[in-house]
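Just below is one structure, and these are the notes that go with it.
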């Protein structure tokens, strides 16, 4: 059983990967996609999106990170894949799953699932450019509007040289609306001969068990579920009897000092006017996993100055410490 922290554009940057791999028990992470158009990106671009390259391609907690590329030009994708592999990424992941309209309009992400031959050209060109020891992996959805070409796309990716495939069990037009069609992951896994990783609508250990039963797969990629409950990977491993750590839960009081550290890093990275929004985004996800997060979110909702948010979190830390002492 392998559990992977999913790439999420605008959410799972290196700061979130740092926090999540401290709080969770995941096997590896994938970066936000790096958009490839018609140029060879300079090394500084890769270091900006994936600063873990300077740390052996691992987060500070020691969890491996893989670079993800998105684009439709086979030659440019190959050149950039070769460069990020040279910089130290342990694998190169190709994004054929992003449903964002602005990305799809520029022939990137899930829209390419209407063209299995283009998928083949991209992957085979990348595979030839990347050292043989560096895996080329991919993530796909079930299709653009329907599943008519699902199996063709999976077969094209395999025959072109993908060594592992993540399947987000929804089409592009499905977006992130439930349900995830895990039965299609089972069909894909039966159709090809490379490892397949299931993705979509895993919010709890119960969801994992159902996904495993329907898809027939033990390996999963989780994004929003881990953001809402950072200990989800531990919960799953404990449920399946495969935990790799004595730790199994992250309680709400545990998160308060994490918030302070995370927000401090955000403030050092982005302009003050944007810092609050990035922090609130995570707290918004946490409302699905922690009852306490709703009141916390409502309290900080109108705060925009970093100093005010730090002051609020300081009070929260003191209050949770006092409650713990009284118990």
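Every read-out reported here was derived from the displayed coordinates using simple, explicitly stated rules and does not represent laboratory data. Keep in mind that what you see is a predicted model, and the values were worked out from it rather than measured. Positions of Cβ are backbone-derived with ideal geometry, glycine not excepted, and every protein chain shown enters the neighbour counts.
Numbers below:
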read-out: On Cα atoms only, tilt of 14-23 relative to the major axis of the chain in degrees; value: 70 degrees
read-out: Choice from 266, 188, 222 showing the highest fluctuation, given a GNM over the chain with Cα pairs closer than 10 Å; value: 266
read-out: Spin-label pair residue 318/residue 252, simplified geometry with 7 Å Cα→Cβ offset, distance in nm; value: 2.0 nm
read-out: For the stretch 3-240: relative contact order, % (alpha-carbon pairs under 8 angstrom, 6 or more apart); value: 17 percent
read-out: Label-point gap, in nm, between residue 239 and residue 37 - each point 7 angstrom along Cα→Cβ; value: 4.3 nm
read-out: Over the chain: helical MRE at 222 nm, DSSP H runs n ≥ 4 each giving -39500 (n - 2.57), nearest 500; value: -15000 deg cm²/dmol
read-out: Residue of 117, 308, 219 that the Gaussian network model of the chain assigns the largest fluctuation, springs spanning Cα pairs under 10 Å; value: 308
read-out: Linear extension gain, residue 27 paired with residue 288, 0.36 nm per residue minus alpha-carbon span; value: 91.6 nm
read-out: On Cα atoms only, tilt of 116-129 relative to the major axis of the chain in degrees; value: 80 degrees
read-out: Rounded to 5, the percent of DSSP beta bridges in the chain classed as antiparallel; value: 5 percent
read-out: Approximate spin-label separation residue 105-residue 87, in nm, with each point projected 7 Å along Cα-to-Cβ; value: 2.7 nm
read-out: Degrees, to the nearest 10: 205-215 long Cα axis against longest axis of the chain; value: 10 degrees
read-out: Gain on full stretching of the segment that runs from residue 268 to residue 308 - 0.36 nm per residue minus C-alpha separation; value: 12.8 nm
read-out: Percent RCO, i.e. relative contact order, over the stretch 252-326, from Cα pairs under 8 Å lying at least 6 residues apart; value: 36 percent
read-out: Zone residues, the stretch 39-55, relative to residue 133, backbone N less than 12 Å from point 7 Å out along Cα-to-Cβ; value: none
read-out: Additional length obtainable on full extension of the chain from residue 218 to residue 281, 0.36 nm per residue less Cα span; value: 19.7 nm
read-out: Choice from 103, 270, 166 showing the highest fluctuation, given a GNM over the chain with Cα pairs closer than 10 Å; value: 270
